[in-house]
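Visitor: Input: one structure, supplied below.
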Amino acid sequence: MNLVNLLTPVRPATGDSAPVSPGTVTLVGAGPGDSELLTVKAVKALQAARLVLYDHLVSPAVLEYLSPDAERIYVGKESSRHTLPQESIIELMVQLARSGRPLLRLKGGDGYIFGRGGEEAQALAAQGIPFTVVPGLTAAQGAAASVGIPLTHRDHACSLVLATGHLRDGQGLDMDWAMLARPRQTVVLYMGVNNLPEICRQLLAHGLSPQTPAALVEKATLPGERCITGTVAELPALALRHQVRPPALIMIGGVVSVRAQLVPALPAVVAEAPAAFHAAA
């Protein structure tokens, strides 16, 4: 796609050289992957869009809601492989909006939950560019519903913690381990698969029982979805054995044990690890 043409401001037909008003940016959460989990508002925004910046975690099925004549710019980021760094994505987004054209910024899950949507909204506000936000179902919700793990349950968890297992380059995993290791809560870690051994080691070192049920949910809500369960102590070995790759969530807490009761009643059972690896769950 020729970005030069996209960034050329649209001048009024009268020849007036007055500055062009920026186009409105719509920040849309595309949900966890399954296109049927999009909100009605998100679908309407997709159908109306003619200029779209979209991320790696936006599934092809979601993109099918776009008009065939919509201009699409891929700015996806994968682990250790970024089409554009975040700063450049923000710069491009601002430039496109300044051209006067409405822009749809499409992000997987919910843009305000580990999607850097807050950073992008700040940049737009600082430049005086109008924007709206359409929330999306975050991956933790989609995964929990799909694989049969309730995020909260009166018998197991009185609180829910969403955290990221991947911090900025060079900062390491400087997390509040004592808080994450508290009992009677559910912890969902995004982007933590590559750091799973260290995450589990720290949780155990800070008092979490090695027998705490845990799960890895890979490609949540998508056709290739897998859920592998075990204990916190077993999870790194299970991830290695089953070659779990991002995108995947780490779910920790007593709620994972409920899954064994729910899976038989689900209309479709997701791909499983061998039964032996589920005994502890």
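Visitor: What list of ³J(HN,Hα) couplings, whole Hz, do you get for segment 207-215 from phi and the Karplus terms 6.51, -1.76, 1.60, once you set θ to phi - 60° and write x for glycine and proline?
Guide: Per-residue couplings from phi come out as x, 6, 5, x, 8, 4, x, 8, 8 Hz.
Visitor: To the nearest 10 square angstrom, what accessible area does MET175 show with a 1.4 Å probe?
Guide: 30
Visitor: A further question follows. Can you give me the distance in nm between label points at ASP69 and LEU204, each placed 7 Å from the Cα along the Cα-to-Cβ direction?
Guide: Computed distance between label sites ASP69 and LEU204 equals 6.0 nm.
Visitor: On average, how much area does the Cα convex hull of segment 15-72 cover when viewed from any direction, in nm²?
Guide: On the way: hull surface 20.1 nm².
Taking the Cα atoms of segment 15-72, their convex hull projects to 5.0 nm² on average.
Visitor: Which shape class applies to segment 133-265: rounded if a/c is under 1.5, otherwise prolate when a/b exceeds b/c and oblate if not, where a ≥ b ≥ c are the square roots of the Cα gyration tensor eigenvalues?
Guide: On the way: a/c = 1.29, a/b = 1.14, b/c = 1.13.
Rounded is the answer for segment 133-265, as its axis ratio a/c remains below 1.5.
Visitor: A follow-up question, please. Give me the one-decimal nm value for the distance between modelled label points at ASP155 and GLN211, 7 Å along each residue's Cα-to-Cβ direction.
Guide: 1.6
Visitor: Arrange the residues SER99, SER35 by how much accessible surface each exposes, largest first, with a 1.4 angstrom probe. Walk me through the numbers before you get to the answer.
Guide: Details: SER99 0, SER35 25 Å².
Ranking SER99, SER35 by accessible area, largest first, yields SER35, SER99.
Visitor: Let a ≥ b ≥ c be the square roots of the eigenvalues of the Cα gyration tensor of segment 58-135; is it rounded (a/c under 1.5), or, if not, prolate (a/b larger than b/c) or oblate? Intermediate values should be presented prior to the final figure.
Guide: Numbers: a/c = 1.41, a/b = 1.12, b/c = 1.26.
Here segment 58-135 falls in the rounded category.
The values are calculated or read from the model by the stated rules, or taken from the named source; none is laboratory data. Note that this is a predicted model, so its numbers are computed, not measured. Cβ atoms come from the backbone with ideal geometry, glycine included; neighbour counts cover every protein chain shown. When the accessible area is computed, the model is the full protein with side chains, heavy atoms only, and any ligands, DNA or RNA have been set aside. Shrake-Rupley method; radii C 1.70, N 1.55, O 1.52, S 1.80 Å.
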